[in-house]
Structure formats: structure tokens, C-alpha cells
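For reference, the structure is listed below as C-alpha cells.
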Amino acid sequence: MVGNDIVDIVEAKKQSNWQRPGFLDKIFTAKEQQYISKATNPFIMVWRLWSMKEAAYKLYTQLYPSRFYNPKAFKCSVNTLNGKVKYKDFECYVNTKITLLYILSEAHLDKTDMISEAVIFNKNDYKTLSKITKEILLNKISDRYTIPKSQLRISKSEFGIPSVYVNLEELNIDISISHHGNYGAYAVSDPARFQKPCRYTIA
Amino acid sequence: MTNEELIVKLKAIVAPYIQDEAAFKTLNEDTDFVKDLKVNSANLVDIILDIEDEFDIRLENEDMEQMLDVKSAMAIVTSKLNA
């Protein structure tokens, strides 16, 4: 299982004013607000923590299908590179990649490498980005599992959790999709049974 | 305040954050901020702060949990105003 979230740095500057009174307090715990105030670049820390919370929420809602809005309850702890997020008894590991253009976080139940791939668009249009990111993801799945793309589609549950279907049957893989501003990101995670068998040649 | 007056006020509050004009034009009690209006999840905080300012109420984290659509926002604002 995987949950990811991408933040377009330029878009975040335009869309949100993190210095607005009350903003930090609504989203971040006292400890997280300390990370922010002590950071060399507080703006980047705000969106790093935010993307961690979002990625963790996306992972949590795959495990416990539900929909709610409580970013403050997803509590982050970070070190230089990575971090952890706790929500009630749930805990996950989050990798974050910070570039000059975007911040990409990915949550897993175990410590593992990042599998998300980012897509850079020349346009910033919600509907187009959402559609094209899904298309790219479906192409990838079609190649990896040799299933004709025409038979694949992505459908969201009532809670907004995406699944992949081959015709009417749900494919047993976990995906996560995110897009913001000019950037998209997608991740495909295989349960063990979907991995290709290795070949063993007996001499 | 009537429900109609409340919807008018909420519509004005969410206007700066919407990313789907068509859904915004037909905004009603069943409109979902994220699924329909495509409001960015970080901007939901701005909507919550704007609602607090507009109605002079304070929304706790528990109130925010279900504030994902117009109907629940109306219910929470109404209950706070009548408290």
C-alpha cells in the first residue's frame, strides 16, 4: 500500500498564505510549529509537513476506508531526510523529496524506497492534469502487466480512494495519484502475488 | 438566518478557492467542496478560517472533520450560531 502527495512550490505560494493568522494552528501541532519556526526555510517546512500529512491520510484511508478532514491529528516527526506520521494508533513512514519545483511525499507502512514518479506539465489546469496523470499511470500498468490499456480504468470509491479495474474486475494492486499546480505524481505498489515469478535454471 | 441566506454567504466564502466553475454555478446543499468544487485540501483551512471570521464563531478540529460539503458546513455553522 502506498499514499502520495505532491505540492507545486510556486502554486502553494499563490494559493495559500501560511502566515495568515490561525492557519498554522489549525493544521499543525505544537511540535510541528516548532519545526517550522526553527527551519532555515519555514515555507518549505510548512509544505513538507503538509504533504506528509496528506500522503499518510491517503494510506490510512486505504486501510480504513473513510473520508474526513483532520490534518492536525496526523502528527509528524521528521529528521533530515524522512519522517513518520501518527494518527491515533496508526503509524507510517514517509519519504519526502524536495526539489526547487515541487515537494513529493510518499507514505508506507514499512520503511522502503520511494516509488512515486513525478510528471511535469506545461499547463496548470485541474481537469487536464487529473486526466493525463491517470492516463500515464494506466499506460504504465498496461505495460507492466501486459493488459491492453483499453480494458483498464481507474475508479474512485465513495471515499475518494482510487482502484484499477480490468473490465469489471478490480486489479489487486494499490495505487496513489496526486496532482497540484503544474505537477502530477503516481505510484503503483504490487502485493507479492502480483510480482513476476523469477526464473530458476537447474544445471 | 435562513438556509438560503446561509448558502449565499458560504458561496461567497468558497468562491476564491474553487477550481470547477460549472459545479460552483450550481452550488447547493449537496455540493462537495473537494469532489465537486475541486477545492485544494490546503484551502479547506482557509474556508474554515473565513467561516470563523464571517460568522464570528470558533471551529474545533472535531467540527472540521466532516466539513467536506455545503450541507455539513451549514449544519455546523447553524449549531454554533444557536449555541
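Bear in mind that the values in this text are calculations on the coordinates, not laboratory data. Keep in mind that what you see is a predicted model, and the values were worked out from it rather than measured. Note: ideal-geometry Cβ built from the backbone for every residue, glycine included; neighbour counts use all protein chains shown.
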**Request:** Once you have all Cα-Cα distances for region A:111-203, histogram them in 5 Å bins from zero and send the whole-percent values.
**Result:** 2, 12, 22, 22, 19, 12, 6, 3, 2, 1, 1, 0
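Hey, what does the equivalent ellipsoid look like for chain A, semi-axes from the Cα gyration tensor as sqrt of 5 times each eigenvalue, largest first, whole Å?
Values: eigenvalues 192, 76, 53 Å².
The answer is 31, 20, 16 Å, longest axis first.
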**Asked** In region A:3-114, if every C-alpha pair distance is counted and binned at 10 Å from zero, what percent goes to each bin?
**Response** 15, 50, 31, 3
**Complete:** Placing each pseudo-label 7 Å from Cα in the direction of the beta carbon, A:K111 and B:T2 end up separated by a distance in nanometres of 6.3
**Request:** Diagonalise the Cα gyration tensor of region B:3-81 and give the resulting equivalent ellipsoid semi-axes, square root of 5 times each eigenvalue, largest first, whole Å.
**Result:** 18, 14, 11
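Taking the Cβ of A:I6 as the center, what net charge do the other residues with Cβ under 13 Å away carry, scoring Lys and Arg +1 and Asp and Glu -1? List each step's numbers first, then the result.
Values: positive: A:R48, A:K58, A:K97; negative: A:D5, A:D8, A:E11, A:E54, A:E106, A:E117.
For residues surrounding A:I6, the net value is -3.
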**Prompt:** For A:C76, what charge total do you get from the other residues with a beta carbon under 13 Å from its beta carbon, if Lys and Arg give +1 and Asp and Glu give -1?
**Reply:** +3
**Fill in**
Asserting the computed 222 nm helical MRE of the protein assembly as shown (DSSP H runs at least 4 long, -39500 (n - 2.57) per run, divided by residue count, to nearest 500) equals -11500 deg cm²/dmol
**Item:** Neighbourhood charge, 13 Å Cβ-Cβ cut-off, centred on B:F33 and excluding it, Lys, Arg +1 and Asp, Glu -1
**Value:** -3
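Would you tell me the mean number of C-beta atoms belonging to other protein chains that fall within 10 Å of each C-beta in B:57-66, as a whole number?
Working: counts 0, 1, 1, 0, 7, 2, 0, 8, 5, 4.
Across the residues of B:57-66, the mean count of other-chain Cβ atoms within 10 Å is 3.
Is region A:1-45 rounded, prolate or oblate when judged by the Cα gyration tensor, a ≥ b ≥ c being the square roots of its eigenvalues, rounded requiring a/c under 1.5 and prolate requiring a/b larger than b/c?
Numbers: a/c = 1.56, a/b = 1.19, b/c = 1.31.
Cα axes put region A:1-45 in the oblate bin.
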**Fill in**
In terms of the alpha carbon gyration tensor, root eigenvalues a ≥ b ≥ c, rounded if a/c is under 1.5 and otherwise prolate when a/b exceeds b/c or oblate, region A:116-160 is oblate
**Message:** Report the gain in length on full extension from B:A22 to B:S79: 0.36 nm times residue separation, minus Cα-Cα distance, nm rounded to one decimal.
**Reply:** 17.6 nm
**Prompt:** So which DSSP H runs in chain A come out at 18 Å plus along the axis (Cα) with average Kyte-Doolittle of at least 1.0?
**Reply:** none
**Item:** Pair A:N172, A:R20: separation of 7 Å Cα→Cβ label points (nm)
**Value:** 4.6
**Request:** Using only Cα atoms, find the angle between the long axis of helix B:43-55 and the longest principal axis of chain B, and express it within 0 to 90 degrees, rounded to the nearest 10.
**Result:** 40
**Positive-end residue of B:F33, B:F55, B:M74, charge dipole of chain B with Cβ unit charges** = B:F33
